[in-house]
Amino acid sequence: MHEEFGAAPPSGGNVPEYTVSEISGAIRRTLEGSFSRVRVRGEITEFKRYPSGHLYFSLKDEQGKISGVVWRGSVSRLGLVPENGLEIIATGKVSAYGERSSYQLVVERMEYAGEGALLARIERLRIRLGEEGLFDPARKQPIPLLPRVIGVVTSAQGAVLHDICTTLQRRFPRPVVVWPVPVQGEGAAAQIVAAINGFSALDGTGTVPRPDVVIVARGGGSLEDLMAFNDEGVVRAAAACSIPLISAVGHETDTTLIDFASDRRAPTPTAAAEMAVPVRSELLAEIAHRTARATGALARQLQTARLRLDRAAAALPDLPTLVQTARMQLDDRGRRLDVALPALVRRRKADLVGVERHMPAVETLLSGRRTRLAVLGGAFAGGMQHSLQRQEVRLGRCRVSPAPLMALLRERRIALGGAVGQLEAVSPLAVLARGYALVTADGHPVTKAADLKSGQQVDLTFGDGACHAVIGGRPVQGLLDL
């Protein structure tokens, strides 16, 4: 013990004496010598990332806890992103920290503690993101049939990029914009997120064209190697990408969370390139086939229309013949009209003359009406006289004084004179006696000048007789020129 620790000889006994630094150094050398390379399994707790770049945490299990540290130079080689609650297997060495009299695990590499724990963590994240709607089919965008530019997010050194470019060149050559990123290890997820967001933010006005479709791809690997594509940030970036995105991570049997958030999932990077573009020769053949079908259909439609037009033309009569027939019919109607119109006028005149001959004279009509009026007046006067006589008889019988009877008689005579005056006022003879004339045409009275025509024969009846007249002109200021 004296030689190992380099202690001074004892002065007061056989118990050696050491300094604090000697004891701390001896413990450190013992720990590092005994535990120079260890693998420790536990759950990460108390995780902290300091501005210096060092990572500090603790590993615990059911019965104990040990502090751990990852120096800044080893962070990029860890193989995963540590976080609280993650069960891992840490590879490193045990070292002592003399200033605090503590020991810690200096970690150089981390790996997930078995696929079961890792898959359970991925499943929990998948359920949580699915409940948020990130995997909803309604959010997915259709892949364009023939994109002008294709963006690729993958490693620049792997064979994946070569396979994608070769497939595109074989099927339908398109410009490819590559955003190289690490596809595993520390910082890979953050750079994949930056690449997806960078493509989505392009507006096409700069030197870098905006892709019409983005392919995120990497080759096969273990579950730990593909964990960058199960990162929550990568999944959210894929779901929020404004450009249609195709995921092609791993082989056919590999499934990562980015496959659920992407618009299309390809089993391999080669299949992703096949989804992005059609086969040029097949597309040309399809276009030629559709062109031939369209041309044939158009030719058939033209032929059908031509046949219908020919049948319609054959059914139409000869236009010159139609015009000639119509002209002949017009001439015939014109000649017949020239002959028929004067004949019609003559017949109408003859009919008017015949009607006039059969009509009674106005004087005869007036004489009959005058006689009837005289008879009615005589009858009325006789009736009144008889009534007066009867009244006088009745009055005489009643021995009434003559004064009231005379007054009643005068009253009845006045009433009789009024009735006679009214009869004379409505008598047409009284009207004619005042200078008016009754105009009749075809036996009917004429009340409007507009009903008369030039050359028309009319009868004028005056108070003392009647005469014939012919209308000689058009009405002027409401009067007729006879």
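The values are calculated or read from the model by the stated rules, or taken from the named source; none is laboratory data. Just so we're clear, the structure is a prediction, and the values are computed from it rather than from any experiment. For neighbour counting, all protein chains shown are included, and Cβ atoms are generated from backbone atoms with ideal geometry for every residue, glycine included.
Annotation: of all residues in region 388-429 being part of a loop (DSSP other than H, G, I, E, B) and either surrounded by 10 or more Cβ atoms within 10 Å (Cβ to Cβ) or not small (Gly, Ala, Ser) (or both), the one that is modelled with the lowest pLDDT is Val400.
In region 44-102, the qualifying residues are those that are among the hydroxyl-bearing types (Ser, Thr, Tyr) and at pLDDT 85 or above, and the one that is surrounded by the fewest Cβ atoms within 10 Å (Cβ to Cβ) is Ser52. Of the residues making up region 125-134, one or more are crowded, with 17+ Cβ neighbours inside 10 Å, at pLDDT 90 or above and not in a helix (DSSP H, G or I). Of the residues in region 318-336, at least one is within 60 Å of the chain's Cα centre (by Cα), basic (Lys, Arg), over 30 Å from His468 (Cα atoms) and outside the structural domain of Arg171 (by TED's automatic domain parsing).
When Ala248, Ala239, Ala288 are checked against the criterion of being of a type in the set (Gly, Ala, Ser) and outside any helix (DSSP H, G or I), Ala248 stands alone in meeting it. Counted as qualifying within region 49-109 are the strands (runs of 3 or more DSSP E) with 2 or more residues that are touching a helix residue (DSSP H, G or I) at 6+ places or on another chain (Cβ under 8 Å) and in the same structural domain as Ser34 (by TED's automatic domain parsing), namely 87-97.
The residue list Thr304, Thr255, Thr295, Thr291 contains one member that is surrounded by 16 or more Cβ atoms within 10 Å (Cβ to Cβ), without any contact (Cβ under 8 Å) to a residue 24 or more places away in the chain and out of contact with any strand residue (DSSP E or B) (no Cβ under 6 Å at 6 or more places or on another chain), which is Thr255. Restricting region 179-223 to residues that are of a type in the set (D, E, K, R) and either surrounded by 16 or more Cβ atoms within 10 Å (Cβ to Cβ) or not assigned by TED's automatic domain parsing to the domain that holds Leu168 (or both) leaves a set whose member that is farthest from Leu119 (Cα to Cα) is Arg210.
Scanning region 124-142 for residues that are touching a residue at least 60 places away in the same chain (Cβ under 8 Å) and either more than 28 Å from the chain's Cα centre (by Cα) or closer than 27 Å to Gln184 by Cα (or both) turns up Leu125, Arg126, Leu129, Gly130, Leu134, Phe135, Lys140.
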